[in-house]
Structures are given as C-alpha cells and as structure tokens.
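The values are calculated or read from the model by the stated rules, or taken from the named source; none is laboratory data. Note that this is a predicted model, so its numbers are computed, not measured. Please note: Cβ atoms are built from the backbone with ideal geometry, for glycine as well, and neighbour counts cover all protein chains shown. Just so you know, the surface numbers come from the protein's heavy atoms only, side chains and all, with ligands and any DNA or RNA stripped out. Shrake-Rupley method; radii C 1.70, N 1.55, O 1.52, S 1.80 Å.
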Amino acid sequence: MSGYQASTTIFLQPEEFAHDEQSRLGRANGNTYQRKPGIPNVHDGQIMVRLKKKRFIILDYGYVPNNHDGEIAKAVPHISIPAGAGTAKCATKDCPRVGVPVLMYDSQPNEPLSLYLRGGMCFSCQRALNEKRRTNRKRKSEGHPAEVRIGDGDLRSVGSGSVNNCSRFKFNGQPVELNPDAVVINGPVGGTRTRGPGYRCPEIGSDLIRIVTDLSNETLSLMHSSASGGPQSVMAVNSMYQRAFLSVSKATFLLTQWKASWDEDMSANIAQATAAEAAAASANFDSRILDEAVKNNMTAPIHAQGLPDQIGFSGHVPGAGPAPGATMGLMMPEATKSNEKNTSQVEV
C-alpha cells in the first residue's frame, strides 16, 4: 500500500476489491482495511469497512466527485455521493480533515446509509465516537452508569446543535436545552425496577431507603479516601466515586417512581371516593322518592271516605259522621236512577 493516489473514476470494478474483501477485511462487524492511505490533517484516504450481515462498504475521503460522477451515482445503486462529499470539513471542533466521504461501493445498497456517511465526521473522529458509545453501552450492561458527555462533536453526530454552550435535545417532541454539565438518567439504572403491579410505594420506599443508606456510607468513604491523597488513592477514589454515582442514580430514579406511584394511588382513591359519594346520593334520592310514593298511597283512602261527610245526606248532619244504620254510599248517576226505578216498582 503506497501513498494516496486519487482514483480516476468513481466506478470501481468488483475484481479491484474482491481480494481485499475476501482476504484482508475479515468477517467481524467493525473490521476495517485501509485500501489507500490518507494525508495527515487533510483526509483519511480510502477505507473498506465491514458492517452487519456480511455487508461491507468502501469509503473514499480524498475523492472529489464531478458532474459525470453524479450521473454514474444516479444509475448505479452501489455508489452514493452525499452532500459535501470530498469537500466538507469534519464536524468535530478543530478537526481539519474531510468529514464526508464518497461511497465508492456498498454491497447491500438497499440497507440504510451508514453512519460514516451521515455523521459528518472524518473516519478517525467517527471511529473514536463509536468506540466511546460502545464502551458506554458495555458499562451500562454491567450495571455502571454510562458516562454522559455533552460536547460539539457528540451533538453534531446525532444531528443536534450547540448554542452558547447549551446542548439541544428533544423531549416529548419539544426541543430542550441542557447545560454542558447536565446529568441525564434515562430509565432504570443498575437493576432498578419501574413501578408496576406488586411494586408500588411500600416496595419502592423500602428499596429507596436501603440505597440511600448505601449512598451515605459510600460518600463518607469517598470523602475519607480523597482526603488521604497519594498516588494509591487515585484508583480507590475512582472506584468509590463510581459506586456512589451509581447509588445516587438509582436513588434518583426510584424517588421519581415512588412519587409517580403515589400520585396514581391518590388519583385512584379520589376516583373511588367520588364514585361512592355519587352512589350514596343516588340511593338517598331513590329512598326519598319511595317514601313519598308510599305516603301518598296511604292517605288516598282517607280522603275518599271523608268525601260523603263533606257533601252531606238526608237525615245526616254534616260533620257528625255517618248516621246510625246508614248504608248508603256514593253512586254514579246511572246507578241512582236504576235504584229509583226499582223502588217505584216495589211500591206499586
């Protein structure tokens, strides 16, 4: 592999790189092979990268495409020319190298565009960022809090910006600006649990008290170790700091879960109390209606019996009650005429 020599065309024949892919690149995801060396502080040269599912790509940071190359890229799906390819500078602060390469070949062009083409960084900076992310994921899987570093390079790699040393992120679809020293706890930390059935305020509170007790002891040990000084204390302080930071992260997360659980329980209690009050009010209303109906049914016959007394009959003094031996009651006019007719027939 000699010094970098710019390609004369964007179109690579498969036989040009077949041996490199088979014998020099390797099969593991993340393997790389430098096909052409870069120029210091200018660009990273031409690099072959192995991706997932046996996919591989060839990136050229030193090739500057022309109009004819653009026509080739439109016709050949394995080739791509991102905006700024070969000319745009690396997005990392103070890095002078080219940040956008030309995709000379993609073995699986139907797959999403690689981060090396989307990140806006030179190969060296993008590679370093990938390693940092991989380390953070490993630390998180081992129960250690992932280091959150907010800087221009990291932000630009995820499409964010930096304004007045404040980092922009999106939370619930809304842009939020975080200070450079912000600490973000993204979900359960170090084996903690999210609230749910069987894990409510009493259980969360018990775990929270235990972790806060551990945090107090770890913080005291950290303060004592830091006061002793000396080269031997560096590793001890770093280890104690990691344990204390993990505990405080756990405690913070569990405290939010305890409060959310308490709020949910209070809302449920208020809803139950409101429903009980509504049911009691409905029952009282139904009881009053029933009592009124029974009372009306009981007083109706009394009024009917008192009606003849108010009208008065022959030989009866109004208000004196029924006359002795009187059996006459109220009758309809038709019934009265019938009785009169029968009486006249008897007298004849």
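Would you point out the residue of the stretch 255-266, among those that are farther than 16 Å from V189 by Cβ and in contact with a helix residue (DSSP H, G or I) (Cβ under 6 Å, 6 or more places away or on another chain), that is surrounded by the most Cβ atoms within 10 Å (Cβ to Cβ)? By that ranking, first place goes to S261. Of all the residues in the stretch 244-288, those that are under 19 Å from G198 (Cβ atoms) and of a type in the set (F, W, Y) number 3. Within the stretch 68-116, if we keep just the residues that are hydrophobic (A, V, I, L, M, F, W, C) and outside any loop (DSSP other than H, G, I, E, B), the residue that is farthest from P14 (Cα to Cα) turns out to be V98. Within the stretch 173-201, being modelled with pLDDT of 80 or more, part of a loop (DSSP other than H, G, I, E, B) and either surrounded by 11 or more Cβ atoms within 10 Å (Cβ to Cβ) or touching a Cys at 6+ places or on another chain (Cβ under 9 Å) (or both) holds for I185, P188, V189, T192, R193, T194, R195, R200. Note on the stretch 81-117: residues that are open to solvent by 70 Å² or more (accessible area, probe 1.4 Å) and under 22 Å from P37 (Cα atoms) total 3.
The residues in the stretch 35-51 that are open to solvent by less than 20 Å² (accessible area, probe 1.4 Å) and assigned to a strand (DSSP E or B) can be counted, and the count is 6.
A residue that is open to solvent by less than 60 Å² (accessible area, probe 1.4 Å) and in contact with a Lys or Arg (Cβ under 7 Å, 6 or more places away or on another chain) occurs nowhere in the stretch 237-254. T9 meets all of the listed conditions (1) open to solvent by 20 Å² or more (accessible area, probe 1.4 Å); (2) in contact with a strand residue (DSSP E or B) (Cβ under 6 Å, 6 or more places away or on another chain); (3) touching a residue at least 60 places away in the same chain (Cβ under 8 Å); (4) of a type outside the set (D, E, K, R) but one, namely (2).
For the stretch 56-80, taking the residues that are open to solvent by 20 Å² or more (accessible area, probe 1.4 Å) and of a type in the set (D, E, K, R), the one that is nearest to the chain's Cα centre (by Cα) is identified as K74.
Checked against (1) at pLDDT below 90; (2) under 22 Å from C125 (Cβ atoms), K36 meets all criteria but (1). If you go through the stretch 23-34 and keep only what is under 19 Å from Q13 (Cβ atoms) and surrounded by 13 or more Cβ atoms within 10 Å (Cβ to Cβ), you end up with R24, L25, Y33.
How many of the residues in the stretch 65-98 are among the β-branched types (V, I, T) and free of Cβ contacts under 8 Å to residues at least 24 places away in the same chain? Counting residues in the stretch 65-98 that are among the β-branched types (V, I, T) and free of Cβ contacts under 8 Å to residues at least 24 places away in the same chain gives 1.
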